[in-house]
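I have placed the structure first, in the form of structure tokens, so that the comments after it can refer back to it.
The values are calculated or read from the model by the stated rules, or taken from the named source; none is laboratory data. Predicted model, so just to flag it, every value in this text is computed and none were measured. Ideal geometry is used to build each Cβ from the backbone, glycine not excepted, and the neighbour counts take in all protein chains shown. Calculation scope for accessible area: heavy atoms of the full protein, side chains included, ligands and nucleic acids excluded. Shrake-Rupley method; radii C 1.70, N 1.55, O 1.52, S 1.80 Å.
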Amino acid sequence: MDVIKRNFFALLQTGAFGKMQHVEPMSAYKWRKLFAMMGVHDVLQFALAGYTKQQYQNVRHIPQPILHDLKSHPQLSLDEIYASSRLSNKFLNNRLKAIREGEPHAMDTSIETLHVLNIIVHNVEDTLNKGVVLRGIVDLGIYLRTMGHKVDFVKLESWLNRLHIESLAQFQGSILILLLGFEEDEVPFTKRIMGDAEKATLKSVERTAKDTSEKWDFKQDKSLWLHANSGAIKQSMRRSFHYLLYAPIETISNLTYKFAKNLSELEE
């Protein structure tokens, strides 16, 4: 892991979870590169919080223009986005809706458990569509640290199994354990630590601020012929196939949905 990635996770652990990790000195160019990556993952304010907690002045040398830019990017709550997360498979998404509608009226209702499920589902969406995005992973970790004592993990695991996303949930838990300093008992739904989660996350943080996930998979010329954007299609397929064994039903449904969505946009 190079110095940029080491500082990336050191700032996250310090800023988001209060675990003091000292950052290493870097050039202005590398700091800009680091924060461009953090911008893609929507964790800039966690990074700023982690930086201000640093004790050694020799590493507190981010150029002032960069610090000014950081402070001008407020971090918004994603709770509403988490609550509206969905699955691509219609049958599984109907199960998700039934869980959300029924849980507030259950005898043993647990809104905290439902919120954890919502974050996990959102992270599944992000992972299949964009690759690993750390904002949702960090928010999951913060919620587990602060509200985990109120979460019914038996119920949560039952829901994850019903939605066939238990392996992708363990994938998210593995990121918390391998890269963000969590203990296994803090993430009870992670029965198996997946080494692949670390590799996929490190690859994801190398992305630049330009989010290639929004590229069109198809384009159309004046003669109305469809042309495949082969690079975007291959990237989308590679990502989908990578997670095929973790959640085959949702992965295949997600890939089918993306193709159908792009085709429908062309028709419009």
Of the residues in region 17-48, those that are under 21 Å from VAL132 (Cβ atoms) and open to solvent by less than 20 Å² (accessible area, probe 1.4 Å) come to LEU34, PHE35, MET37, MET38, HIS41, VAL43, ALA47
So the check is Cβ under 7 Å with 6+ separation or different chains; which pairs have a first residue in region 4-27 that's under 13 Å from PHE182 (Cα atoms) and a second one that's among the charged types (D, E, K, R)? GLN13/LYS19; THR14/LYS53; PHE17/ARG145
So which residues in region 155-180 are open to solvent by 20 Å² or more (accessible area, probe 1.4 Å) and outside any helix (DSSP H, G or I), if there are any at all? HIS164
Could you look through region 85-110, keep only residues that are free of Cβ contacts under 8 Å to residues at least 12 places away in the same chain and among the polar types (S, T, N, Q), and pick out the one that is surrounded by the most Cβ atoms within 10 Å (Cβ to Cβ)? ASN93
Can you tell which of THR190, THR201 is at pLDDT 70 or above, crowded, with 20+ Cβ neighbours inside 10 Å and not in a helix (DSSP H, G or I)? THR190
Can ALA28 be described as among the small types (Gly, Ala, Ser) and either at pLDDT 85 or above or within 16 Å of GLU206 (Cβ to Cβ) (or both)? no
Among the listed residues LYS210, LYS234, LYS222, which satisfies the condition of being modelled with pLDDT under 90, open to solvent by 40 Å² or more (accessible area, probe 1.4 Å) and part of a helix (DSSP H, G or I)? LYS234
Taking GLU125 and the conditions (1) modelled with pLDDT of 95 or more; (2) open to solvent by 10 Å² or more (accessible area, probe 1.4 Å), which numbered condition does it fall short on, given that it satisfies the others? (1)
If I filter region 145-154 down to residues being touching a helix residue (DSSP H, G or I) at 6+ places or on another chain (Cβ under 6 Å) and either assigned to a helix (DSSP H, G or I) or of a type outside the set (D, E, K, R) (or both), which single residue comes out as farthest from GLU101 (Cα to Cα)? MET147
